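Step one of this worksheet: look at the structure below.
The values are calculated or read from the model by the stated rules, or taken from the named source; none is laboratory data. These numbers come from a predicted model, not from an experiment. Here the Cβ positions follow ideal geometry from the backbone for every residue, glycine too, while neighbour counts run over all protein chains shown. Surface areas here come from the heavy atoms of the whole protein model, side chains and all, with no ligands, DNA or RNA. Shrake-Rupley method; radii C 1.70, N 1.55, O 1.52, S 1.80 Å.
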Amino acid sequence: MRIKKYKSFNESKNKFPNIKTLDIDGFIVYLGRDAKSNDHLTFNVADNDDIWMHVKGVPGSHVVITIKDNIPTPETIKKVAEIAKSNSKAKGTDKSTIVYCKRRFVSKRPGMNDGQVMVDYKNAHEVTI
């Protein structure tokens, strides 16, 4: 598995230093590390066609795979899902379900806490890790 770490997202002027950037199989992957950074990543950094990922029903990082010219393979999705799991409260459990979808199918209602989102499950996929 090829994982290359980049400097923190916009390191010099970053109001959200808890967003990490990784290179997974040639895709830039962003990882939110707290609730405010998760919101910023999901709603200000990710494009509508990027892939958003989170462990289902467990607090943890929002993960975004940036989509430019290529679609990630199932193997890449699984690698990134493993990263999502290892950055959640599901870390160390036997099996967890990771939900992923295009960012356009993730929304937030007024009054929801930082990091909380709604997922349109009709347009979402799941992988068990």
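With springs only between Cα atoms under 10 Å apart, run a GNM on the chain and tell me which of 62, 54, 40 wobbles the most.
Most flexible of the set in this elastic network: 40.
In the chain, which longest range has no trypsin sites (Lys or Arg not before Pro) that are both DSSP loop (not H, G, I, E or B) and surrounded by at most 14 other Cβ atoms within 10 Å?
16-67
First select every other residue whose beta carbon is under 11 angstrom from the beta carbon of residue 97; then total the charges, Lys and Arg +1, Asp and Glu -1.
Combined, the nearby Lys, Arg, Asp and Glu give +2.
For n ≥ 4 DSSP H runs only, could you compute -39500 (n - 2.57) per run for the chain, divide by its residues and tell me the 222 nm figure to the nearest 500?
-4000 deg cm²/dmol
Tell me the label only: which of [x] -0.40, -0.83, -1.19; [y] -0.49, -0.88, -1.11; [z] -0.57, -0.93, -1.22 is log10 I(q)/I(0) by the Debye sum over Cα atoms at q = 0.12, 0.17, 0.20 Å⁻¹ as calculated from this structure?
[x]
Note down the net charge around residue 71, summing +1 for each Lys or Arg and -1 for each Asp or Glu among other residues with Cβ under 15 Å from its Cβ.
Surrounding charge for residue 71 is -1.
Can you tell me the FRET efficiency between residue 123 and residue 95 if r is taken as the Cβ-Cβ distance and R0 is 22 Å, rounded to the nearest 0.05?
About 0.40, to the nearest 0.05.
For the chain, what is the accessible area per residue in Å², given a 1.4 Å probe and the full set of protein chains?
For the chain, the per-residue accessible area is 59 Å².
Volume per residue, Å³, of the convex hull around the alpha-carbon atoms of region 71-129?
Output value, Cα hull per residue: 96 Å³.
Would you work out what percent of the accessible area of region 5-129, with all protein chains in place, is carbon or sulfur (probe 1.4 Å)?
47
Near residue 116, within a Cβ-to-Cβ distance under 12 Å, what is the net charge of the other residues, with Lys and Arg +1 and Asp and Glu -1?
Charge balance near residue 116 sits at +1.
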